[in-house]
Every structure is written in structure tokens, then in C-alpha cells.
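**Student:** Attaching a single structure in C-alpha cells format; questions to follow.
The values are calculated or read from the model by the stated rules, or taken from the named source; none is laboratory data. What you see is a predicted model; the values in this text were computed from it and never measured. Using ideal geometry, Cβ is built from the backbone for each residue, glycine included, and neighbour counts are taken over all protein chains shown.
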Amino acid sequence: MSARPNGWSLAGSRRVPRALHPMAWWIWALGLATAASRTTDPLLLMLVLGVLGVVVANRRSDAPWARAFKYYLYLALTVIAIRVAFRTIFGGDIDVKDMHVLFVLPHVPLPSWASGVQLGGPVTVEGSLGALYDGLRLACLLCCLGAANALANPKRALRALPGALYELGVAVVIALSVAPQLVESVQRVRRARKLRGGSGGGFHVLRSIAIPVMEDALERSLQLAAAMDSRGYGRTAGASPRTRRLTGALMLGGMGGLCLGAYGLLDGSAPGALGLPSLLGGSVLCCLGLALGSRRVGCSHYRPDPWKAPEWIVVACGMVPAAVLTVGLGYSGASLNPSVQPLRWPSLPLVPALAILVAAVAAVAAPPPVRSAPTAGDADGGRLDDRHLARRIQHADPPVGVTA
Amino acid sequence: MIEFDQVTVTYVGAPTPALRDVRLRIEEGELALVVGRTGVGKSTLLGAINGLVPHFTGGTLAGRVTVAGRDTKNHPPRELADVVGVVGQDPLSGFVTDTVEEELAYGMEQLAVPPDVMRKRVEETLDLLGIAELRDRPLYQLSGGQQQRVAIGSVLTAHPRVLVLDEPTSALDPNAAEDVLAAITRLVHDLGVTVVLAEHRLERVVQYADRVIEIADDGAVTAGQPATMLRTTRVAPPVIELGRLSRWDPLPLSVRDARRVAGPLRGQIGSQPAPPQQRSAPRCRGATVLHAKNIVVRYGAVIAVGGVDLDLAGGEVTAVMGRNGSGKSSLLWSLQGSGPRHSGTVDVQGVDPTTLSSVNARALVGLVPQTPADLLYLDTVAQECEQADRESGPRPSVRAKDLLDRLAPGIPEDAHPRDLSEGQRLSLVLAVQLAAAPAVVLLDEPTRGLDYGAKKTFVAIIDQLAADGRCVVVATHDVEFVAAVADRVVVMAAGDIVADGPAPEVMVASPSFAPQVAKILAPLDYLTINQVTTALTLVGR
């Protein structure tokens, strides 16, 4: 029985559902983030948010991590609110000539050494709007990350890391699975402590909980280490000191280049030579280092995610807005950052807007996600709970095996 | 396949070796069962097979261990991963990934098995162990028996020729244990995998063994045919003890074999009703001390305990049985008052323990949880005892140390609680809880990790508690322990009580909760060897 698309869908359901390569989603999202970081035009930024929303709604699976996008949206709203609030309280304008004053907060004079900071004072439309645009841009960047996390399984993304970072990926995966165990352990010991009366002062309580939990954690990690050792972990690793030093040097140099390049690209006032050339140089060094480092790890990957045409298309969709908004061809650079002083309606520059819309093509280009068919009693150990049953009866889903 | 050549293992700081001068050959395709009392070095022997001892644990290993021609001296565990698969006691703590399918593939990824071969082997292993429907499930959501089978599968995908299992069924209820053992025997019979396994619950595995390896208390090792070895081993399941008692030859290893030769014995003792259990201290059923009505415990949508009524009397030992997850623990915790209870009433001597502070609740009902070590956090036994006295109020009626000396004499005062054996640690926690002088004592799965000797001692401890007039409740799936200790058995399933009555009545009739003696002597209602001995004396043999 084929899984029915639940919810609305842009693409026909004839395509075989599969998960897109996590790296493709990440590159796509980072492309959009790069584009968003170049502009403060609220219309363009809202367009970016819209594109993210459409793609996430269409191409996320029903796994728990796919629900993360909602929380990133809340976080983004909080960021905007904080940005505007700070500007209102601390950034009151002194020189309000030609500005539109909204209201005046009581001004608290600060000593001379804090002359850069204003507390209270007149609040202007121009200032608040500037803060709002700025907050919106930050919110957009956050949502890009959120979209990547919701679209790509974080653990599979770690598995797609190059071999040189293999140990890092393993450590993160183990940490992620150990954290719930630790919480469980704390709860268990706290419960047990109540059995013993649970009297005593602060340090005593801490000790009576911390010691059993730590002993437990230590024992578990030893058992895990023994299990991993007996299952062959680290069997194929090994590199000569010379290769290790070379890898280290390449990676350090590459990272330095990447940092300089990112700074040069993101800061419009930096000299041009700092941007693209150091970014490219850094990338080359990093790739070399990773390739060299990966040679020492001889693991294979179970069911590796394939990289096919949809992956290329999605990556291209993400790179188009990044390229157009960075290079600045076909529109005036000033239109990306609408003026708030003097106050003017933001315009929607045509070329950047089209470029951002191209990113939305990913919603169709990516294959539909794998959605698990509702089966009786997953997640609750074979017990079909009443709500689940009621929902299924409402939808009048034919039982598995009956549909032709 | 596996060869031990004059192996002696000594851990750092240990006065005597854990294994002494071991010479042993385990042939290909054998199922070898390692027996011995708790702490004699069973785990050391198992660990030495894949080199975890001494590469991972430290200590010195003299002599030579070879597996499939590879010497563990210059092959650390990871270099033996393609030959030896090891499954530890707690499968969950050995899992590296978080879903079944990825866990099965993990070992092969480390061995750099090509992706297409991996895919094929994962599917084969899922079918082999009957876990195909679990493939996408998160590992922590699985039941104990499923986790154990996934753990076996996760080492099996590397196609090892030897499988080493440390207590694979100890934590499982009888039915889950059957599933795991069925999977193991299938590997031995169909695939010719050599299996070495250690297990406390000998009654479950002894019939499948091709060879028994006994480790004596001084670390010496003897091996031989099960029927010969088990005549003299220090630990033996009831079926073997019954065989020894009746001098059956050859010694039957399974209930089926024993039943076929037990006809004369049944005739001999069947003329009279089964004598009562011999207790080390006399029991006398007192008045009802705990009165529980309509107890409901729920976790979200899952109902753990669904409206249970229970009356418990002083001087009576009640066993609560049922499969894992049937609500035994939840019931115990809610009776004590520290666990959740969504409706219903508990009345202990006129008071509801939930309305009291935890200090006072504990003086009414004491609970020893599944992992007793959670209660211990000080450096020595003496400190724990003193702390327990302080926690029991300004003037405790009895000192914890005195209790401990009564329950388990000979525990050194300056020992660290972590260094005690499982049985000693259980006694310490019990003493700590009894210091508050509760009228009701609840024990959650107390026999985990206890060997037959330690269990006998623990049965005597419970006899004492009951003789003191306390009401004792034991939640467990250790059938033989219940047969030896309980007056009354309550069977739970899916949160409800499905059977409640005197132990012989409930146990003899049940296919999964009948002890071995009951199965062999059915339809007579004998539960323990103890009763058979008494009956034989009575008929004057």
C-alpha cells in the first residue's frame, strides 16, 4: 500500500519518496542564509521566510526532528522582539531633527564614561524600523538553520561528514543518545532518594544524587567502550605522525582562510581582495586536509544517501540567490538596504526577488519525503491508544492490505 | 576453535588470580555453558576469549588464548571483531547508534564491509532473529527481550564464528528468555556458530549445553559433558538437584527427560498431599496491614496499573509476578507513596503514605528498588549504616548495623559499598530500609545477579522478616525464588491482577510460572526440592 500524501503537496505522488542527501539541504539553506545576510529589505526577507516555509511544509518527513522548524520560528520572533526592545530602551536618538518621534521615554542621564549608551529618551520611527529590519535579517538566518535541521535528519547529516571528522560524528551521536540516559538516571536516583527519607542539607542532597548518577554514567561509558572495542571500532584507523602534522597544518591554514574570506564577504566595507580569494584558498586547503585525513579511516557506510540529479538541482536552487545577492548584477546595490532616514517605503528589487523565488523550486525538485504509514501501535509498544483509533476511524482509512 | 593454554589471569591489586592455570578447548559448533558462583571469574573467562581481558580491563594474563588460530596477545579486541561477537549483560549500554537497522550495520561499518553486502546481511539477520518488524524502531523503546535479540544480531552481522554471551536472559521474564534462547539455539544448530555463555539462571539453559565449564572458587576450571559435570557442580538448577536426590542415571537435564524417569518418584510420594514448605523461621499470618483499593497508575496514554485492589497481611510473603512491563514496579512504587498514583486509596495502619513526608512514609512502607545501589552514596558500609540511623528519626528502635549483622554477618565495616557482592549490597540496602522499622517491606526484582547460594541466603532473610510479623511483597519473575519463598502469588498482566491465591494453587497450573519441580511432578502440587525431601522422609525411604 502506498503512503498517501497527508497534507497538500505541490508535486504529484507518482515519484518514489526518498530522503534527499542531507548535505544538499544544508547547502541550499546556507545559500539562502547568505542571500538573507546581504539585505535588510523587509520585503526580500519576508520572501525568504516564505520560501523556507513552503519548502519545509512540502518536503519534511514526519520524524520528531522535522517538527523543529516551529521552534526556530518562535526563536526568530523572540530575536526580533529583543532587538526592537533593546533599541527602544538603550538606543534613544539624541538628534531627532528630521525624524518622526513616536513617544519619549524618561531619559536617565548616565555618567560620562558610558557616553556611548543612552538610557531612555525619544523613540523614533526611523530607529525602531532600522532595528526591526535588522532583527528580521537575524531571524531569517536562524530560520534558514531551522529549515536545514527540519529537512535533513541531523544524524544522517553527521554521517555524511568526511571521514576525517568521523570521530567527531561518533562522539556527537553518542552524546545525543547518552543525554536521555543521564536524565533517566537522575530521575531514578532522585526517586530512590525519597525512599531513604530524603532529609539533609543542600550539599548532602547534591552528593546523594550526584554520586550514584556519576557512578552509573562511568560504568555505562566503560561498558560502551568495551562494546565498541569488541565490535571493531578504531580497527582501521592509524596515521603516521608526519601525515597527522600535515593534516593539522592544512586544516588550520584552511580555517584561517575561510574566516578571513567570510569576514571579507559579509562586511561590505572590507577590501575586495580579502573576500572571495581567501575564501577560495581556504576552501582548497580545507578540502586537501579533509581528503588527507579521510584516508586513514577505513569504514564503510551502511545505506549511504545517494547524490543524484535532485541533489544537484536543490543545491543550484540555493546557490542562485546567494550568487545574485552577493555579486550585485542587474540591480542597484542600494536597493538591498532600503533607507530609513529619510523614511521611505521599501522597494522590491526585481532581480533579487526572482533569485530568491528560484530557491522555492526545491519544494518540487526534491523527491517527496518518506512518511511512515500509520500502523497500529508504533511508539506505544503494540497498544493502540484510543485517540489514535478514533482518528483512524474518522479518516476512514482502509486497513492495510484491503486497498487494491 | 577456542583454546586456553595454561592461562592464569591476575588483576591489579588482587591477592589471588581470578583464573588459575586454565587448559580448555572449545570445539567448533559447541554451545559451552560457563557455571560458577557469582564473582568467581566467569566474566573474566568470557572476556579473555576476545582479548578484552587483559587489553581493556588491565591485569596480567599468563599463558596463551587462541581463537580461530589468532593469539589474543597480539590481537586486541577490535582485531578479533570479525571472529568473536560479544554481547554484554546490559544490551542497552552497549548500543552505539539509535535505531535497530543502524545498530545491526554498525559492526560491519567498522570492518569496512562493502555497502551491498551490508544491506544483504542486515536483512538476513533481521529474519534470522525474528526482529524484521522492529527495523526502524528506536532502541530504547524495545522491550528487554527485543533489545537482547538486537544486541545478538548486531554482532552476528559481522559473521563471527564465536558468539560470547554474558547472562543473556538474567534480566528477562520467562517468555522473553525463551525467545532469546530459541534464537541462540537456532544459531548453533543451523549456522554452526560456537557459543560460549554464562548464566545464573541455569534452569533456563542447562538443557541446551553441549559442554559445561565450571569455575571453582579458587579460579581452577574443569570442563566436561553436562550430565557428568552437573553431578558435582556447586551450583545446580532444581531439575539437576532432583536428579541427584533421586540418583537418576544418566542425569536428566531437561524437564522432559526428568518427567520420563520421574514416574516411580511420583508414585512414591503421590499417596499423600504435599508437605508444607520448610521455613528457616516459623511464619504466622497476622492481621491485614495494607489495604489498597482501586489503584490506578498511568503514564500519558499508557495505563500501567488499572484499578487494582490488594490486601496484604503481616507475616505473609506475597510475590507479584507477570511479564516485564505488566505494572509490577508501578504498583509497588504507588503503594509506597513515592510513585505516582492517579486514583485509589492506600491505607497502612489507618494512614495513607502519600499524605506523609517521605521520612514518615518510609517508617510505614519500605521499598528496595530494582537497582539497590541507587540508594548508596557514602564511602563505607559503616557510614551508610550511621546515615540510615540518622534518617530514621531521633531515636531509632534498632540500629542499621545490628540489622545488617543479623541479615548478612561478616560484611567488613570499612568496605566500599560498590565493592560488595550483589547479595551483600542487597542486604545493606535492606538493612538501611529496615532501620526505619516499616511494617510493610516491598522488594522490586531483588534476585537479579544472585546465584543459587546467595538466593538461599536471601530466602532465609525473608523468612526472618516474615517471622518478625512484617508484610513482605516481592515483585519478580524468578519462578524458582518465588516457589521457595512466597505464601501467596499475585499475577499481573497489562495492569490488572489476573490471578491471586496461595502459591501452589497459582503456580502449579501456570505454564510459564510453574517451577521445574512442579513441572516434573505434575499433577502433584510440589514446588521445591525441599518439599520432596520432606515427603521422602515421611514415606520412610
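**Student:** Quick test for you: out of B:THR222, B:THR194, pick the one residue that is among the polar types (S, T, N, Q), modelled with pLDDT of 90 or more and buried (at least 19 other Cβ atoms within 10 Å of the Cβ). Spell out how you get there, then give the answer.
**Tutor:** Numbers: B:THR222 fails: buried (at least 19 other Cβ atoms within 10 Å of the Cβ).
The match here is B:THR194.
**Student:** Next question. Out of everything in region B:435-450 that is within 14 Å of another protein chain (Cβ to nearest Cβ) and surrounded by fewer than 24 Cβ atoms within 10 Å (Cβ to Cβ), what residue ends up being modelled with the lowest pLDDT?
**Tutor:** Looking at the filtered set, the residue picked out is B:GLY449.
**Student:** Are any residues in region B:329-365 part of a strand (DSSP E or B) and within 12 Å of chain A (Cβ to nearest Cβ), and if so, which ones?
**Tutor:** Residue satisfying the conditions is B:VAL365 alone.
**Student:** Within region A:324-353, track down each residue that is of a type outside the set (Val, Ile, Thr) and free of Cβ contacts under 8 Å to residues at least 12 places away in the same chain.
**Tutor:** Within region A:324-353, A:GLY328, A:GLY333, A:ALA334, A:SER339, A:ARG344, A:TRP345 qualify.
**Student:** Evaluate the following for B:ASP402: is it assigned to a helix (DSSP H, G or I) and surrounded by fewer than 21 Cβ atoms within 10 Å (Cβ to Cβ)? Explain how you work it out, then say what you get.
**Tutor:** On the way: assigned to a helix (DSSP H, G or I): yes; surrounded by fewer than 21 Cβ atoms within 10 Å (Cβ to Cβ): yes.
Taking the combined requirement at face value, the residue satisfies it.
**Student:** Within the set of pairs 6+ apart or on separate chains, which have a first residue in region B:376-390 that is closer than 12 Å to B:LEU403 by Cβ and at the interface with chain A (Cβ under 8 Å from one of its Cβ atoms), a second that is part of a helix (DSSP H, G or I) and aliphatic (A, V, I, L, M), and C-beta atoms under 8 Å apart?
**Tutor:** Within 8 Å, the pairs are B:ALA388/B:ALA400; B:ALA388/B:ALA431; B:ALA388/B:VAL432.
**Student:** Would you confirm whether any residue within region A:188-195 is outside the structural domain of A:ALA147 (by TED's automatic domain parsing) and either among the polar types (S, T, N, Q) or more than 30 Å from B:ASP389 (Cα to Cα) (or both)?
**Tutor:** no
**Student:** Then there's this: Report whether or not A:ALA157 is away from chain B (no Cβ under 11 Å) and assigned to a helix (DSSP H, G or I).
**Tutor:** yes
**Student:** Could you grab the pairs with beta carbons closer than 8 Å, sequence gap of 6+ or different chains, first residue in region A:70-90 and within 21 Å of A:VAL125 (Cβ to Cβ), second one β-branched (Val, Ile, Thr) and modelled with pLDDT under 90?
**Tutor:** Final answer for the pair search is A:THR88/A:VAL123; A:PHE90/A:VAL117.
**Student:** Return the residue satisfying two criteria in turn: it lies in region B:366-375 and is assigned to a helix (DSSP H, G or I) and not hydrophobic (A, V, I, L, M, F, W, C), and of such residues it is farthest from the other protein chains (Cβ to nearest Cβ).
**Tutor:** Looking at residues that are assigned to a helix (DSSP H, G or I) and not hydrophobic (A, V, I, L, M, F, W, C), I get B:PRO372.
**Student:** Every residue in region B:1-23 that is surrounded by fewer than 22 Cβ atoms within 10 Å (Cβ to Cβ) and not in a loop (DSSP other than H, G, I, E, B), please.
**Tutor:** Hits for region B:1-23 are B:GLU3, B:ASP5, B:GLN6, B:THR8, B:THR10, B:ARG20, B:ASP21, B:ARG23.
**Student:** Restricted to region A:179-203, and to residues that are surrounded by 13 or more Cβ atoms within 10 Å (Cβ to Cβ), more than 7 Å from chain B (Cβ to nearest Cβ) and at pLDDT below 80, which residue is farthest from B:ARG362 (Cα to Cα)?
**Tutor:** Per the stated criteria, the residue is A:GLN181.
**Student:** Are any residues in region B:405-420 away from every other protein chain (no Cβ under 14 Å) and surrounded by 14 or more Cβ atoms within 10 Å (Cβ to Cβ), and if so, which ones?
**Tutor:** B:ASP405, B:ARG406, B:LEU407, B:ALA408, B:ILE411, B:ALA415
**Student:** In region B:80-126, how many residues are under 33 Å from the mean Cα position of the chain (by Cα), without any contact (Cβ under 8 Å) to a residue 12 or more places away in the chain and at the interface with another protein chain (Cβ under 10 Å from one of its Cβ atoms)?
**Tutor:** 3
**Student:** Still on this structure: With at pLDDT 90 or above and not hydroxyl-bearing (Ser, Thr, Tyr) as the only criterion, which of B:ALA454, B:ALA475 stands out?
**Tutor:** B:ALA475
**Student:** In addition: Could you list, in sequence order, all residues of region B:58-73 that are more than 14 Å from chain A (Cβ to nearest Cβ) and either assigned to a strand (DSSP E or B) or exposed (fewer than 14 other Cβ atoms within 10 Å of the Cβ) (or both)?
**Tutor:** Selection gives B:THR60, B:LEU61, B:ALA62, B:GLY63, B:ARG64, B:VAL65, B:THR66, B:GLY69, B:ASP71.
**Student:** In region A:282-311, which residues are of a type in the set (Phe, Trp, Tyr) and in contact (Cβ under 8 Å) with a residue 60 or more places away in the chain?
**Tutor:** A:TRP307
**Student:** Given the conditions (1) without any contact (Cβ under 8 Å) to a residue 12 or more places away in the chain; (2) out of contact with any strand residue (DSSP E or B) (no Cβ under 7 Å at 6 or more places or on another chain); (3) not in a helix (DSSP H, G or I), which single one is not true for B:ALA499?
**Tutor:** (2)
**Student:** Here's another thing I want to ask about it. Checking A:SER335 against (1) modelled with pLDDT of 80 or more; (2) surrounded by 14 or more Cβ atoms within 10 Å (Cβ to Cβ); (3) of a type in the set (Gly, Ala, Ser), which test does it fail?
**Tutor:** Condition not satisfied by A:SER335: (1).
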